[in-house]
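The values are calculated or read from the model by the stated rules, or taken from the named source; none is laboratory data. Given the structure is predicted, the values throughout are model-derived calculations rather than measurements. Note: ideal-geometry Cβ built from the backbone for every residue, glycine included; neighbour counts use all protein chains shown. To get the accessible areas, we keep the full protein, side chains included, count just its heavy atoms, and leave off ligands, DNA and RNA. Shrake-Rupley method; radii C 1.70, N 1.55, O 1.52, S 1.80 Å.
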Amino acid sequence: MRTIDPDELAQVVQALERSKQQLDALVVRGVRTAGPGELGELDALRHELDRVGAHHLAQRMAGLVAAMRNDDPKAGRALLRTQTSLHLFDRILTMEVVGEQLAAMVVTPEPDHPPDHPPDHPPDHPQDHPQDHPQDHPQDHPQDREPTP
């Protein structure tokens with residue numbers, strides 16, 4: 001897994017949010033209501049998605065824009081497919097970022113530093129801490145001590 005650059009991640013998230021807003025607006029108003037400005041915005045988003053590495057999503061966006069420009073009756077279907085790809089990409093990206101953050105939180109012992117306790121003896125085992133178990137050391141019991149004069 002490659003490390004995700006925070007600046008690159010911010011750009012991807014911004015492109016996804018703008019795409020989501022545009023697609024949601026099309027769902028509400030309908031694909032046939034989009035004018036040249038909105039088509040231009042969708043096309044710019046397609047280029048941005050392609051630039052940040054969301055190639056599959058960029059292809060879906062290109063298909064949607066082409067269907068809308070050609071007044072294709074399948075434009076509604078293309079919109080739904082594009083939205084589905086957007087949501088899927090968002091979930092996968094989220095999982096990658098969370099996985100990377102969790103991996104950064106896991107501390108693994110260095111190979112040249114042995115663990116504190118051997119795996120077959122948990123740290124609370126009597127042989128690891130004899131001072132905590134007086135029954136193993138009768139000299140430490142008060143009743144076994146010699147009285148002091």
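For the reader, a short list of remarks on this structure follows.
- Whether region 13-53 is rounded, prolate or oblate, judged on the alpha carbon gyration tensor where a/c under 1.5 counts as rounded: oblate
- Region 29-93 - Debye-derived log10 I(q)/I(0), Cα point model, q = 0.19, 0.20, 0.29 Å⁻¹: -0.67, -0.74, -1.30
- As a length-normalised measure over Cα pairs under 8 Å and 6 or more apart, the relative contact order of region 6-101 settles at 28 percent.
- Taken per residue, the accessible surface of region 1-52 reaches 61 Å², heavy atoms only and a 1.4 Å probe.
- Here the label points at residue 106 and residue 56, each 7 Å from Cα along the C-beta direction, are separated by 2.4 nm in the simple model.
- 14 Å reach of a label modelled at residue 24, 7 Å along Cα-to-Cβ, counting backbone N of region 43-86: 83
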